[in-house]
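These notes are about the structure you will find just below.
The values are calculated or read from the model by the stated rules, or taken from the named source; none is laboratory data. The structure displayed is predicted, hence computed values, not measured ones. Cβ placement follows ideal geometry from the backbone for every residue including glycine, while neighbour counts extend to all protein chains displayed.
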């Protein structure tokens, strides 16, 4: 069951990364750093939970999460 969850998660991340436009990191001017750091913390906690639950390395999940959710460039 955990393998199926991991497979579905990776397929969703792959499809979103292939279909989302690529580009550089958005401008930092006017950014609300408090909200950005809060969002980054939530992404980190979620990725940590998933990697602990699924028993996988964090790089498989954190890279798509940072690119898709925090709009960081590769």
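Once the stretch 37-74 is narrowed to residues that are in contact (Cβ under 8 Å) with a residue 24 or more places away in the chain and over 18 Å from residue 17 (Cβ atoms), the residue that is surrounded by the fewest Cβ atoms within 10 Å (Cβ to Cβ) is 55.
Here is a yes/no grid of residues against (1) out of contact with any strand residue (DSSP E or B) (no Cβ under 8 Å at 6 or more places or on another chain); (2) part of a helix (DSSP H, G or I); (3) at pLDDT 85 or above:
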site	(1), (2), (3)
9	yes, yes, no
22	yes, no, no
27	yes, no, no
31	yes, no, no
38	yes, yes, yes
48	yes, yes, yes
67	yes, yes, no
72	yes, no, no
